[in-house]
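What follows is calculated from the coordinates using simple rules that are stated; it is not laboratory data. Worth saying up front: this structure is predicted, and the values here are computed from it rather than measured. No Cβ is skipped: glycine too gets one built from the backbone with ideal geometry, and neighbour counts run over all protein chains shown.
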Amino acid sequence: MLTPWDKDFYRPRLITYSRAYTLVPTYECFNRCRYCNFRVDPGQDQWLTLTKAEEILLSLQDRGVTEILILSGEVHPRSPRRRDWTRLLLDLGQLSLDLGFYPHTNAGPLSYEEMAALKAVNVSLGLMLEQLSADLAVHAQAPSKDPQLRLAQLIQAGELGVPFTTGLLLGIGESQAERREGLKAIARIQRRYGHIQEIILQPHSPGSRQSWEGAPFHLEELPGLIAEAREILPPETKIQIPPNLIPDDALLLDCLRAGAEDLGGIVPKDEVNPDYGHRSLDQLETLLTSQGWELRPRLPDYRPLPGYSP
């Protein structure tokens, strides 16, 4: 515990976030997760073109955006369109870099060659572990949500030295013990490779397009889970929570007090949870400042934003 004689006693605690915008190469996905509010069936979506992407990115250059989250549905590994999809992901990353942005891609499980290629045009990559449970009903038609496949992706990213984001999706049928095992599995991989920079604890929040009628995650459980995660995870791994899925200010503050340190990308639209809008940055800053904390922007690999002066 810090005392008034410690040099850091009077420094405000930092809570970070990313000034982000989401590009969606395609909403099509061969998985059918029953809680999904994002996907469309394969062949039912017009893919984002580079021309349209450039138009969007040029419009963002004077709006304070730094991170481009390239968030894609998954094209089947054996699909004849997989190569074109991978090429589009690579081109979007390169275009973002060329226009002065910092891309982060989340596009499901990748081959070693695909991940290595994407590493060259991204600041960081990501893939949610979601849960270690292999028999969740919500994943019955989602073959790429196999937990062992996803753990192998975390290891592969470690072997490639890719700054990585992962996390748990909470309240989709798992037990508390299974949540703990998921955190421990992530911690073991991080201690071996040191590349997992953040873990997202994302509560299931029902949306208008999902087929599953499961209840939302009980948000009052979240501070306790964060505290437990902070004990399990190595100290350098940040815990991220999505503030738009925690609408109660007091509960959001409790989550930060429990050990969450990052609010993720504050985006105009949460493509994964489109029914849940974000508070404004002014609202978040006012809330955190009232507790003596500082809200500070960062880049996808957790470097401080260049030129930012608190």
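Couple of notes before you dig in:
- Any chance Gly224 is part of a loop (DSSP other than H, G, I, E, B), surrounded by fewer than 19 Cβ atoms within 10 Å (Cβ to Cβ) and of a type outside the set (D, E, K, R): no
- Within the range 40-97, being in contact with a strand residue (DSSP E or B) (Cβ under 8 Å, 6 or more places away or on another chain) and of a type in the set (S, T, N, Q) holds for Gln44, Thr66, Ser72, Ser96.
- Exactly one residue out of Glu159, Glu213, Glu181, Glu113 is part of a loop (DSSP other than H, G, I, E, B) and over 19 Å from Leu263 (Cβ atoms), and it is Glu213.
- Here the range 253-291 is the region considered, the condition is being among the basic types (Lys, Arg) and part of a loop (DSSP other than H, G, I, E, B), and the residue that is nearest to Pro235 (Cα to Cα) is Arg279.
- Scope the range 100-118; condition surrounded by 15 or more Cβ atoms within 10 Å (Cβ to Cβ) and closer than 18 Å to Thr66 by Cα; matching residues: Phe101, Tyr102, Pro103, His104, Thr105, Asn106
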